[in-house]
Amino acid sequence: MTGPADQRSPGGVWDIVWKGVWWILTSIPIGVSYKDRLQLRHPINLHKGLTFFVIGFLSFYYGRFTYPVAAYIGVHGSYGFLWLSKEEIYRDASWETPCSLGSGVGVFVGVSFLYWSSPYLIITGGESTEPGPMLLCILVLSYCIGLWMHHTADAQKYFVLRAKKGLITNGMFARCRNPNYLGEIIIYGTFAGFSWNHPLYYIPWINCFVIWTFLFYPGWLAKDRSMSRYPEWSEYISRSGLIIPWPFAGKKRE
């Protein structure tokens, strides 16, 4: 998403969901005066930057630093550091939306609970719940693919739009209208997959599906409605998927 995402509309019943989610993200009526200097990106960046240290502390506190735990700290921690690098080099403008202090605190606590649940399960679950060698290989491979997709698409979008405003229909966006979000889904699916052998493995997946369903999906619909004003939109949407890449970029779907 680019620009003031909270001012877009996905249409239909999803419009209610979208407005409700963005009210929670930006307008909880506590510390509203902070909106002139607090943006949504600030609590998100704080969470991303602390992830490596929080997971490392959990590992130290519970006395568990096995190979799978170390691998998890490496992938999730590096994701947080690279997010902060992206923040400085090719920031997503939608996260510059002003937010109240209540929303800022709520976002930080909320995303921390959602996304630190998987490492907590891995570290406290015992050796029997850790991913085996083959699963670990698949998870690290998936993380690399997701990270590449996420950052490559965001970089393309940022620098292309700085040169010329309009619809991006080539490169990472040729077959998929939201490749950056597809990469992020793969990344967080990888994090959730680390706790696959834990009896409570479903908790990180539920957390992911909540975000994907109530924040990501209506955001994609809102972006589609916003981009539909361009004359080349009909042709582009005929050969691209909303989130799953359409494999035949040069052909229209029947």
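Derivation of every value follows stated rules applied to the coordinates shown; laboratory data play no part. The structure presented is a predicted model; accordingly, all values stated were derived computationally and were not measured. Cβ: placed from backbone, ideal geometry, glycine included. Neighbour counts: every protein chain shown.
Summary table below
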{"read-out": "Between the range 146-208 and the range 59-111, the alpha-carbon center distance in angstrom", "value": "15"}
{"read-out": "Whether the range 55-191 is rounded, prolate or oblate, judged on the alpha carbon gyration tensor where a/c under 1.5 counts as rounded", "value": "oblate"}
{"read-out": "Distant-in-sequence amide H partners of Cys176 (H built 1.01 Å from N, under 5 Å)", "value": "Gly241, Trp246"}
{"read-out": "Crossing angle, helix 179-193 versus the chain [Cα axis fit, 0-90 degrees, rounded to tens]", "value": "20"}
{"read-out": "Using alpha-carbon coordinates, inclination of helix 202-211 to the longest axis of the chain, degrees", "value": "20"}
{"read-out": "For the range 9-18, 3J(HN,Hα) per residue [Karplus equation, 6.51 cos²θ - 1.76 cosθ + 1.60, θ = phi - 60°, Hz, x = Gly/Pro]", "value": "9, x, x, x, 5, 5, 5, 5, 4, 4"}
{"read-out": "For Gln39, residues with placed amide H under 5 Å, excluding near neighbours", "value": "Cys99"}
{"read-out": "Angle in degrees between helix 101-115 and the longest Cα principal axis of the chain, rounded to the nearest 10", "value": "60"}
{"read-out": "Nonlocal amide H pairs with Ile28, under 5 Å, H built at 1.01 Å", "value": "Ser100, Ser103"}
{"read-out": "Footprinting exposure proxy for Tyr158, Tyr115 (fewest neighbouring C-beta atoms within 10 Å first)", "value": "Tyr158, Tyr115"}
{"read-out": "Residue order, fewest to most surrounding Cβ atoms within 10 angstrom, among Leu200, Leu121, Leu136", "value": "Leu200, Leu136, Leu121"}
{"read-out": "Answer label for mean projected area of the Cα convex hull in nm² (calculated), chosen among (i) 16.6; (ii) 13.7; (iii) 14.9", "value": "(iii)"}
{"read-out": "Lysine pairs meeting the criterion (Cα under 16 Å, 8 or more apart or interchain), as found in the chain", "value": "6"}
